[in-house]
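The values are calculated or read from the model by the stated rules, or taken from the named source; none is laboratory data. All figures in this text were calculated on a predicted structure; none of them were measured in a lab. Note that we place each Cβ from the backbone using ideal geometry, even for glycine, and neighbour counts take in every protein chain shown.
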Amino acid sequence: MLLLLPLLIPLAAAVLVLTFRDRHTANRAALFFCLVETGAIGRLVWRVHTGGNLEGRFLRADGLTSFFLVNIALISIFSLSYATGYLRHMGEGRFASPRWFYALVNVFLFTMVGVCLSANLGVLWIMMEATTLASALLVGFYNTEGAVEAGWKYLVVCTVGIAFALFGTIVFYLAAVKAGMSQASALDWLSLLAGVSQKRFDPNLVRLAFVFILAGYGTKVGFVPMHSWLPDAHAEAPTPVSAMLSAILLNCAMYALLRYEILISRAVGPGFPGELLVFFGLASIVVAGLLILVQRDLKRMLAYSSVEHMGMIAIGMGLGGALGFLGALLHTFNHSVAKSLLFFGAGNVRHNFGTLRMDRVTGMGRSAPLTTAVLAVGILAIVGMPPFSLFVSEFAILSESFSQSRYIVGAVFLVVLSIVFGGVVHHFLRMACGAAQKTPPKPHFTGAEYAVMFAAGVLLLCFGVRVPVSFSALLRDAVAVLQ
Amino acid sequence: MEFAEVAAGKVVSTSAVFLMMTIVLLAVSRRVSTSILVFGLQSAIITAQVAGTAFLESSREAWAVAGLLFVFKVLGIPYAFFWLVAKLKSSRDVQAVTSPAQSVFLVVLMIFVSYAVVRSYAFGIRVPEDALAAAVSLILTGAFLMVSRKKALVQMLGLLVLENGIFLAALTTTFGMPLIIEMGILFDVVIGLLLMGIFAFRIRDTFEHLDVSRLRKLRG
């Protein structure tokens with residue numbers, strides 16, 4: 001029941017919220033359900049922390065699960081609070097009304113929580129595919145030309161990608177069955193974890209499986225050759241959804257990849273999966289870092305920045321070691337806070353100036369000082385400036401690469417960081433400075449929007465100065481699962 | 001009784017050849033409706049193979065999977081596709097990038113490649129080489145249809161062919177995954193198709209065509 005509750009609440013919420021035709025009631029109901037969901041997740045996390053892992057037939061929770069669930073709960077509160085204000089311009093189309101929006105968001109939430117809680121590699125795949133299905137309609141929510149194109153592309157690219165992950169799952173299942181595990185237990189996480197260390201898995205099959213898994217779930221993470229859906233989807237989705245995509249969906253895909261990484265590094269040694277992750281991570285940061293420079297649309301730039309940060313996380317995971325895992329996990333959290341803050345800021349820019357084209361917005365500092373301040377905090381955090389938390393996690397990953405004498409990885413990492421710093425700050429300054437535009441912006445913002453952004457900024461700062469004790473306990477539990 | 005066993009054995013062992021025939025048929029078909037029919041035929045062959053295996057192994061799970069396949073992939077999905085074609089009122093042509101001759105050439109090349117790829121693995125895991133090669137070439141053909149056909153509907157069909165290939169790979173190597181997982185996968189596929197159908201309507205309504213290659217507003 002403890003495990004089932006965080007799954008049932010969003011599903012119930014999705015159905016119930018459809019009955020509220022009025023926008024304000026729908027807002028309040030969605031926020032209420034999100035708080036209830038957070039409570040359920042909190043209870044589960046507390047139980048795992050004090051009483052050890054929870055095991056069920058198809059659902060389970062351990063330290064790694066808790067870590068990602070906390071991330072999901074936090075960002076969904078942020079996004080839904082922001083959405084309550086953001087949705088006020090939305091019309092009452094047939095499927096484009098706030099209640100449909102909240103219903104879909106709740107289904108999306110359900111699938112992501114499902115990914116984290118699944119105890120079976122088959123269920124993991126089913127839930128991962130369901131995240132695509134649940135969010136495709138959200139990406140195409142505005143029904144404009146761009147949104148329809150982005151939604152179609154997202155659906156097709158990710159479905160094909162995930163199909164390869166299914167093939168990888170089957171190959172891994174085959175390896176497990178051939179190694180002497182029973183058909184019923186060959187997809188079960190706990191039996192597999194025991195199996196990979198006791199039985200002899202065919203290393204060729206295991207490697208083949210990991211390649212397909214990496215290509216498949218890597219598509220959802222947004223690794224570079226498979227990232228084509230990501231900037232379109234992030235740029236065309238409504239802002240709260242962009243934040244959720246970037247801040248939690250990519251993390252969930254990373255979580256799926258991590259589950260396999262754990263198994264496969266035990267079966268064939270950490271070298272093979274680690275090297276592949278580092279390779280894809282490097283490819284992602286280099287390509288995304290260069291593409292950030294030439295972007296014209298603010299949200300697209302943020303999307304490429306997500307690709308870059310996912311690359312960094314992959315490098316940390318691939319390097320392994322105490323600092324590598326710690327830095328990478330901390331980075332998933334820090335990145336999601338910073339990126340949701342930035343997307344909310346971008347949403348404000350769109351409301352204020354009616355465009356997201358960075359070359360058409362000037363003098364933002366004068367006409368919309370609060371939004372500019374928020375964006376400035378987010379930008380400084382995302383490029384890894386010291387008082388903010390992303391510096392800590394990036395530094396951890398970087399020092400792991402040097403302590404393992406992987407100088408090339410460290411050097412590429414540093415070069416990309418400086419390129420991105422230059423590019424992002426340049427884009428931002430061009431928007432913030434200069435003469436204010438003739439058309440006066442219309443800053444009508446609710447308190448909720450600013451409260452959320454303020455909270456995110458404070459979190460970034462706190463985690464940069466010192467990771468809170470309770471959170472570092474969570475982090476330790478998660479790293480223990482990985483090692 | 002003996003006759004039935006022989007028949008079931010023959011179905012299982014020869015289905016790979018028939019599947020490769022459907023691959024070639026998919027490559028030459030120029031009309032959307034033909035492609036849909038060939039897909040239905042392909043699913044029927046796979047269903048027959050599952051049913052044959054179920055009969056030989058007398059396994060109830062496999063019978064259930066065969067039933068699901070028959071209902072969804074042989075009847076339901078092709079029917080839904082015909083309904084979509086009628087509703088969308090689009091042209092009959094699949095709008096291929098490659099000519100039928102080129103498609104056949106490429107597809108046959110893919111069959112050769114799959115045999116070459118599969119050879120080293122098939123021996124190690126003791127499964128029939130033909131069936132595994134058929135599975136891999138179905139996956140490749142599905143991917144090929146998705147990149148070489150411009151119409152949204154045919155791309156969806158390509159995805160289904162790819163999915164058929166993955167299913168066949170699971171079937172030949174491990175007699176399929178546990179039933180509940182198979183049901184979940186099938187459920188995802190059906191929902192995915194439903195959503196793609198919704199998007200096909202939206203593409204037609206916003207762009208007034210179904211040619212996905214002309215969607216190129218978002219770049220860079």
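Just give me the residues in the range A:189-209 being touching a residue at least 60 places away in the same chain (Cβ under 8 Å) and not aromatic (F, W, Y), in sequence order. Write out each step before concluding.
Within the range A:189-209, the first condition is being touching a residue at least 60 places away in the same chain (Cβ under 8 Å), and the residues that meet it are A:189-190, A:192-193, A:196-197, A:201, A:203, A:206-207.
Of everything in the range A:189-209, those that are touching a residue at least 60 places away in the same chain (Cβ under 8 Å) and not aromatic (F, W, Y) turn out to be A:L190, A:L192, A:L193, A:V196, A:S197, A:P203, A:V206, A:R207.
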Every residue from the range B:119-137 that is modelled with pLDDT of 85 or more, touching a Leu at 6+ places or on another chain (Cβ under 6 Å) and closer than 19 Å to A:Y173 by Cβ: B:A135
Condition broken by A:A179, with the remaining ones in (1) surrounded by 24 or more Cβ atoms within 10 Å (Cβ to Cβ); (2) more than 10 Å from chain B (Cβ to nearest Cβ) satisfied: (1)
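Being surrounded by fewer than 22 Cβ atoms within 10 Å (Cβ to Cβ), more than 7 Å from chain A (Cβ to nearest Cβ) and at pLDDT below 85 is true for just one of B:K217, B:K150. Which residue is that? Show your work before the answer.
Numbers: B:K217 fails: more than 7 Å from chain A (Cβ to nearest Cβ).
Of B:K217, B:K150, the one residue that is surrounded by fewer than 22 Cβ atoms within 10 Å (Cβ to Cβ), more than 7 Å from chain A (Cβ to nearest Cβ) and at pLDDT below 85 is B:K150.
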Test result for A:V105, more than 10 Å from chain B (Cβ to nearest Cβ) and among the hydrophobic types (A, V, I, L, M, F, W, C): yes
Candidates A:A448, A:A381, A:A455, filtered to the one that is in the same structural domain as A:G327 (by TED's automatic domain parsing) and either outside any helix (DSSP H, G or I) or farther than 28 Å from A:Q295 by Cβ (or both): A:A448
Selected residue (criterion: nearest to B:T206 (Cα to Cα)) from residues of the range A:134-148 that are within 7 Å of another protein chain (Cβ to nearest Cβ) and touching a residue at least 60 places away in the same chain (Cβ under 8 Å): A:G146
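Take the conditions more than 7 Å from every other protein chain (Cβ to nearest Cβ), of a type in the set (G, A, S) and touching a residue at least 12 places away in the same chain (Cβ under 8 Å) and apply them to A:A165. Does it pass? Talk me through it step by step, then tell me what you get.
Values: more than 7 Å from every other protein chain (Cβ to nearest Cβ): yes; of a type in the set (G, A, S): yes; touching a residue at least 12 places away in the same chain (Cβ under 8 Å): yes.
Yes: the conditions hold for A:A165.
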Flag if A:T362 is free of Cβ contacts under 8 Å to residues at least 40 places away in the same chain, more than 14 Å from chain B (Cβ to nearest Cβ) and surrounded by fewer than 23 Cβ atoms within 10 Å (Cβ to Cβ): no
Subset tally (residues that are within 16 Å of the chain's Cα centre (by Cα), more than 7 Å from chain A (Cβ to nearest Cβ) and under 13 Å from B:M156 (Cα atoms)) for the range B:172-213: 3
Residues located in the range B:190-216, provided they are within 20 Å of B:S148 (Cα to Cα) and of a type outside the set (K, R): B:L193, B:M196, B:G197, B:F199, B:A200, B:I203, B:H209, B:L210, B:D211, B:V212, B:S213, B:L215
In the range A:248-297, the residues that are in a helix (DSSP H, G or I), buried (at least 21 other Cβ atoms within 10 Å of the Cβ) and within 14 Å of chain B (Cβ to nearest Cβ): A:A288, A:L291, A:I292
Qualifying residue in the range A:21-38 (condition: buried (at least 16 other Cβ atoms within 10 Å of the Cβ), out of contact with any Pro (no Cβ under 8 Å at 6 or more places or on another chain) and not in a helix (DSSP H, G or I)): no
Among the candidates A:F272, A:F212, residue that is more than 24 Å from A:V479 (Cα to Cα) and touching a residue at least 24 places away in the same chain (Cβ under 8 Å): A:F212
